[in-house]
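The values are calculated or read from the model by the stated rules, or taken from the named source; none is laboratory data. Just so it is clear, the model here is predicted, and its values are computed rather than measured. Neighbour counts are summed over all protein chains in view; Cβ atoms, including those assigned to glycine, are modelled from backbone coordinates with ideal geometry. Each accessible area value is taken on the protein alone, full model and side chains, heavy atoms only, with ligands, DNA and RNA left out. Shrake-Rupley method; radii C 1.70, N 1.55, O 1.52, S 1.80 Å.
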Amino acid sequence: MPTIAENLTLVHRQIASAARDAGRKADDIRLLAVSKGQPAEKLRIAYEAGQRDFGENYLQEAMDKIATLSRLDDIQWHFIGPLQSNKTKPVASHFHWVHSIDRLKVARRLSEQRPAALPALNLCIQVNIDNETSKAGVAPKDVLPLALDMAELHNVRLRGLMAIPDPSPDTERPSPFTRLARLLESLRRADPRLAGLDTLSMGMSADLAEAVREGATIVRVGTAIFGKRT
Ligand SMILES: *Cc1c(COP(=O)(O)O)cnc(C)c1O
């Protein structure tokens, strides 16, 4: 079985190779290690191999690991799961990023609850890029008004868009990664307050190379680093 350090090296190589294909710099792509379902000890091993960004989906599980690993104080914690508006307070005080914003109410509460001593919390809007009723995220047509409302909040900073595309490709249309990249570009042009958006959080273990070729700036990778979740 390959070790976590070996897996990280492999994933970095995949990112570098896909970046090269697209004429991009590998340094412009951040690897987010998705550690849901993994014990704190495995995160520590990844940390010792140089990994600093960790993504968690479930609040209680995340809070336990953040407490266990509190001495590793340069970890950047990313919340990537569904977030209810009555659970925002611990996220506002312990995380650096939230990728799964799907309504203004949650963003507003995070802004209100962000401790004054901390820098602005980085946010991404989760987009339902395949427009499926069953899936989480904001419909593409509703993203611009939400982004404009979020731009008015003081203690959070809208950084860009996130999506979890349907794995079965619809060959009639450009890929979901291409469509998400175009949507980000359209936001940047729509209003000066959105001109600085710089983040496309897309690509997981199975499709990270394609996501990087299409412009991902953060890839969220679990299984390819930690192995199967238990
Ligand atoms: C679990 C998860 C991932 C990682 O998926 P892998 O296939 O294990 O790489 C990425 N993003 C989100 C939102 C997830 O929930």
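For the peptides 219-228, 8-17, the ranking by mean Cβ contacts within 10 Å, running from highest to lowest, is 219-228, 8-17.
Under 5 Å between amide hydrogens, built in the peptide plane, is the criterion, and for M202 it picks out T217, I218, R220 among residues at least 5 positions away or on other chains. Between amide H atoms placed 1.01 Å from N, distances below 5 Å from I101 occur with C124, Q126, all of them 5 or more places distant or on a separate chain.
For Q76, the amide hydrogen comes within under 5 Å of the amide hydrogens of D53, F54, counting only partners 5 or more places away or on other chains and with H modelled in the peptide plane. The phi torsions of the range 139-144, fed into the Karplus equation with coefficients 6.51, -1.76 and 1.60 and a -60° offset, translate into couplings of 4, x, 5, 9, 6, 4 Hz, rounded to whole numbers, with Gly and Pro shown as x. Working note: Karplus 6.51/-1.76/1.60 with θ = phi - 60° gives the range 86-96 the couplings 8, 10, 6, 4, x, 5, 4, 9, 10, 10, 9 Hz, where Gly and Pro are set to x.
If you take the alpha carbon atoms of the range 69-134 and fit the smallest convex hull around them, that volume is 103 Å³ per residue. Residues in the chain average 50 Å² of solvent-accessible surface per residue, probe 1.4 Å, ligands and nucleic acids excluded. By the rule of a C-alpha distance below 13 Å, with chain neighbours fewer than 8 residues away ignored, the aspartates and glutamates paired with K135 are D102, D166. By the helix-only formula, in which each DSSP H run with n ≥ 4 contributes -39500 (n - 2.57) and the sum is divided by residues, the chain has a 222 nm mean residue ellipticity of -11000 deg cm²/dmol. In the context of the full protein assembly, D130 retains an accessible surface of approximately 30 Å², using a probe radius of 1.4 Å and ignoring ligands and nucleic acids. Restricting the calculation to Cα atoms, every distinct pair contributes to the Kirkwood radius of the chain, found to be 17.9 Å. Taking the protein heavy atoms of the range 4-225 in the context of the full set of protein chains, the accessible area attributed to carbon and sulfur is 50 percent at 1.4 Å. Quick one: net charge of D198's neighbours, Cβ under 12 Å, K/R +1, D/E -1? Summing Lys/Arg as +1 and Asp/Glu as -1 gives +2. With K and R counted +1 and D and E -1, the other residues having a Cβ less than 9 Å from that of I80 yield a net charge of +1.
Normalising the average separation of contacting C-alpha pairs (under 8 angstrom, six or more residues apart) by the number of residues puts the relative contact order of the range 38-180 at 18 percent.
Whole-Hz Karplus values for the range 104-115 come out as 4, 4, 5, 4, 5, 5, 4, 5, 5, 9, 5, x Hz, taken residue by residue from phi with 6.51 cos²θ - 1.76 cosθ + 1.60 and θ = phi - 60°; glycine and proline positions read x.
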